[in-house]
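Visitor: Quick one: the structure is below, and I'll ask about it shortly.
Throughout, read-outs are computed from the coordinates displayed, never taken from laboratory work. Here the structure is a predicted model, which is why all the values come from computation and not from measurement. Note: ideal-geometry Cβ built from the backbone for every residue, glycine included; neighbour counts use all protein chains shown.
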């Protein structure tokens, strides 16, 4: 990992590395032989947030302030980035580097109300899903609709909002993820739209019950 950290430091020589961890398919436990490595990077002495592609690595770079805003679902952060705020749930097994000066801040960010986080994360995922469907019905990222549907189902059964995706959602998610650009993927489109509508209604019921 020292090579990766050296590479990052070379890209941002005036910034201090605070946190590096795997996001994307690795964070969600969905990686396969075709998956790129998504890495979330938090820097001090850096402004804003950017996305860099480094061959097989997608680097999502945040200033400390923007990272905290993302985890708080600040509306100045795009829905694309807010929707991935749940990748922090698996950080204990996917952390690459944590600077001692950022330990307390990270712990504070993680100590959020579970239902409040769920409500805000649902909104971010719904906003992102709706936007992507407006762009095209034929996109790999639509698998997140099945992923979120499974997370909601698991919450109903266990009372815990985490990255667990039970059946049948896990199989649907992986089947679509692998076949999004062929006839198998096309056969899921109506169901994906229906489940997106279900998530919208589910969140509305949460709001009506006083959680909003």
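Visitor: So how far apart, in nm, are the two label points at residue 138 and residue 74 if each is 7 Å from Cα heading toward Cβ?
Guide: According to this spin-label approximation, the distance is 3.9 nm.
Visitor: Now, a different point. Computed from the mean reciprocal separation of all distinct C-alpha pairs, what Kirkwood hydrodynamic radius does region 114-211 have, in Å? Don't skip to the answer; put the middle values down first.
Guide: Values: mean 1/r = 0.0734 Å⁻¹.
Kirkwood hydrodynamic radius for region 114-211: 13.6 Å.
Visitor: Select from 131, 118, 151 the residue whose mean-square fluctuation is largest in a Gaussian network model of the chain (Cα-Cα springs shorter than 10 Å).
Guide: Highest fluctuation among the options: 131.
Visitor: State, to one decimal in nm, how far the label point of residue 191 lies from the label point of residue 11, with both points 7 Å from Cα in the Cβ direction.
Guide: About 3.7 nm, to one decimal.
Visitor: Arrange 128, 80 by Cβ neighbour counts within 10 Å, fewest through most, would you? Intermediate results must be reported in sequence, preceding the final value.
Guide: Values: 128 21, 80 15.
In increasing order of surrounding Cβ atoms, one gets 80, 128.
Visitor: For residue 184 and residue 209, FRET efficiency with R0 = 45 Å and r from the beta-carbon atoms, rounded to 0.05? It would help to have the intermediate numbers written out before the result.
Guide: On the way: r = 37 Å, r/R0 = 0.83.
Result of the calculation: an efficiency of 0.75.
Visitor: Quick one: helix 2-11 against the long Cα principal axis of the chain, what's the angle to the nearest 10°, folded into 0 to 90?
Guide: Between the helix axis and the principal axis of the chain, the angle is about 80 degrees.
Visitor: Can I ask one more? May I ask you to sort 201, 65 by Cβ crowding, counting other Cβ atoms within 10 Å and putting the fewest first? All intermediate terms of the calculation are to be shown ahead of the outcome.
Guide: Working: 201 10, 65 15.
Ordered by Cβ neighbours within 10 Å, fewest first: 201, 65.
Visitor: How many angstrom separate the Cα center of region 148-186 from the Cα center of region 73-116?
Guide: Value for the Cα centre distance between the two parts: 22 Å.
Visitor: Here is a follow-up. Report the extension gain between residue 114 and residue 36 in nm, rounded to one decimal, defined as 0.36 nm multiplied by the number of residues separating them, less their alpha carbon distance. Write down the numbers at each step before the final one.
Guide: Values: separation 78, 0.36 × 78 = 28.08 nm, distance 2.94 nm.
Working it through step by step, the gained length comes to 25.1 nm.
Visitor: I need the P(r) histogram for region 2-110: all alpha carbon pairs, bin width 10 Å from 0 out to the longest distance, whole percents.
Guide: Binned Cα distances yield the sequence 14, 51, 32, 3.
Visitor: Could you work out [θ]222 nm for the chain from helices alone, using -39500 (n - 2.57) per DSSP H run of at least four and dividing by all its residues? Round to the nearest 500 deg cm²/dmol.
Guide: Numbers: 11 runs with 110 residues, N = 212.
When only DSSP H runs of four or more count, the value is -15000 deg cm²/dmol.
Visitor: Looking at the chain, what % of the alpha carbon pairs are farther apart than 31 Å?
Guide: On the way: 4658 of 22366 pairs.
Result for the distance tail: 21 percent.
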